[in-house]
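Student: Just passing along the structure, written as structure tokens.
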Amino acid sequence: MTRIHNIILYAAIACGIVGSAAAATVDEVRIESGALKGMIAGGVVAFKGVPYAAPPIGRNRWRAPQPAVRWKDVRSAADYASDCMQLPFPSDAAPLGTKPAEDCLYLNVWAPVQRPSGRLPVMVWIYGGGFVNGGSSPAVYDGTHFAESGVVFVSFNYRVGRFGFFAFPALTKEDPNALLGNYCFLDQIAALKWVRKNIAKFGGDPGNVTLFGESAGGMSVLTMMTTPLARGLFHKAIIESGGGRSGIGPMRRVSESGPNLPSGEAVGIAFAKKAGVKGEDAAALAALRELPAERVCDGLNMASMGNPTYAGPMIDGKIVAETSEQALLAGHAMKIPVIAGANSSDIGFSFAKSMDELLAPFSGNKEKAEAAYDPEHSGEFRKVGMLVAADRMMIEPARFVVRTVAATGQRAYEYRFSYVAESMRKQWKGAPHATEIPFVFDTVAARYTKDLTPADEATAKAALAYWVAFAKTGNPDGEGRPHWPAYAAGDDQLMNFTDSGPVAEHDAWKVRLDLTEGSLQNK
């Protein structure tokens, strides 16, 4: 240390600036697998590219995550590791910051530089991307502002596409007791176990972990809430546009084909044939594991995820034994506090070719549905179809989740994100899918750059504050912002993030959602 540094340090001690809290200031930690050196910026230290499992390459392709390899020297944790192998989606609102690779099971931690004597609440983020895209490196997922708010924040990569979901007869025979098919979810469970074992070294409390995610990440949070393999690994959940019902169709099973729904193994066989791999035995599996990662990816992304050689999430009987909807209704989900919601112009898929076809699922309530969704009788079934599809896929299922959780006696809070960045209000009539993320993270400056306005910043600070308060206490309320009422059956109050700020209100779309609920229950 130089003489000048010594003088500054002694002066700080004399003035009482450096005390017990500063003594705990660290940019180096030792975890189970080795020592890490992070990067300090302002009052936050970030540790990036930390292995939480061995590289899922070679024989580890399509295998449950294996323990991370230990290292001897101090490992630099200054940069993100590669995001998981995929074909990036050109118009993704959260573009990757690294080049994808199959060696990708790494995580990132942000923590306050100066630690208090007690342990801090932990928030763990699961990104979206339709289970075929996404990663932890996008600038809008930076955890700095969570750490500045007194949270230890964790993000991690998980396998997507055919790397994350794959079944094949030889895989089943290789180890009949293995956890098969849903490697994506096994990665998520492994990351949560890493948090439980190691997060105290970063100042975090392994007994106060909030899991949150958006879109496929929100669906993953629901899966973690309903799989027995994740019990006790987290204590609160936030589901952003993650559905909660059965989505756009039934889930396939690993080995059993259903009507018009081939098994995961059948899909795997179809991919093998396309890749020029013959047979279904161990030699065929070895050949599949030797395929270049680009060949396994084979152009799969959010624009082509309906590909018949891609299985997606499956019912495997061990990791996923039932859908999230079935688990919630049966009382099999974790009994924990929950926030769930969706955006005012969220995503949904409608394939109806006429208004009659669109309204057919409402059965005897077709006239009521038409009045609710098309009060001006415009007859524009495509425009109306977008509303119906979003309600069915994201908005009503969010209400279903909070309603079901509240019925168990747990605190549940519903939101609707309707805020549109001021620079986008001429283009967007409502808040599209995923647009709440930079507000929740308070990374709106990275998303809107020179077009950012004070109103955008104010909404971001409010959203972040609600999320952080929930992580700390299980209640999103706090001084200086509107009260967010807990959900109560029959009341249907939610927090609406409007262009004028957060407003607690009775759901203005209750009639629509009640009709949608009836149509989903009768399907």
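Every number in this text was worked out from the coordinates using simple rules, so none of it is lab data. What you see is a predicted model; the values in this text were computed from it and never measured. With ideal geometry, Cβ positions are generated from the backbone for all residues, glycine too; neighbour counts draw on all protein chains shown.
Student: What is the distance, in nm, between label points placed 7 Å from the Cα along the Cα-to-Cβ direction at Lys274 and at Arg70?
Tutor: Roughly 4.3 nm, to one decimal.
Student: Full-extension gain between Phe349 and Lys201, please, as 0.36 nm times their residue separation minus the C-alpha to C-alpha distance.
Tutor: 48.8 nm
Student: Another question about this same structure. Give the percent of DSSP beta bridges with both residues in the chain that are antiparallel, rounded to the nearest 5.
Tutor: Of those bridges, close to 45 percent are antiparallel.
Student: With +1 assigned to the C-beta of every Lys and Arg and -1 to the C-beta of every Asp and Glu, and no other charges, what is the dipole magnitude of the chain about the Cα centre in debye, to the nearest 20?
Tutor: 1460
Student: Which value in nm describes the separation of the simple spin-label points at Leu261 and Asp79, placed 7 Å from the Cα toward the beta carbon?
Tutor: Taking the simple label geometry, Leu261 and Asp79 are separated by 4.4 nm.
Student: Suppose R0 equals 41 Å. What FRET efficiency, 1/(1 + (r/R0)^6) with r the Cβ-Cβ distance, do Ala286 and Ala41 give to the nearest 0.05?
Tutor: 0.35
Student: For the chain, what percent of Cα pairs sit more than 35 Å apart?
Tutor: The answer is 36 percent, as a whole percent.
Student: What's the Kirkwood radius of segment 337-523 in Å, using all Cα pairs?
Tutor: 17.4
Student: Label points 7 Å out from Cα along the Cβ direction at Glu322 and Thr453: separation in nm?
Tutor: 4.8
Student: What is the Cα coordinate range of segment 302-343 on the first, second and third principal axes, sorted by size from largest, in whole angstrom?
Tutor: 36, 32, 14
Student: Here's a follow-up. Over the Cα atoms of segment 293-365, what radius of gyration and what Dmax do you get, in Å?
Tutor: For segment 293-365, the Cα radius of gyration and maximum Cα-Cα distance read 18.0, 51 Å.
Student: Once fully extended, how much extra length lies between Glu294 and His506, figured as 0.36 nm per residue of separation less the alpha-carbon to alpha-carbon distance?
Tutor: 71.4 nm
Student: Another question, if that's okay. Given a Förster distance of 41 Å, report the FRET efficiency between Asp491 and Ala139 from their Cβ-Cβ distance, rounded to the nearest 0.05.
Tutor: 0.60
Student: Cα-based Rg of segment 128-176 per 2.2 N^0.38 Å, rounded to two decimals?
Tutor: Normalised Rg, Cα atoms only: 1.72.
Student: Any idea what the relative contact order of the chain is, in percent, if you count C-alpha pairs under 8 Å spaced at least 6 apart?
Tutor: 13
Student: Contour minus end-to-end for Asn177 and Asp27, with contour as 0.36 nm per residue of separation and end-to-end as the Cα-Cα distance?
Tutor: 49.8 nm
Student: Within straight cross-link reach of Lys450, meaning Cα distance under 28 Å, which lysines are found once same-chain residues fewer than 8 apart are removed?
Tutor: By straight Cα distance, Lys450 reaches Lys48, Lys99, Lys426, Lys429, Lys461.
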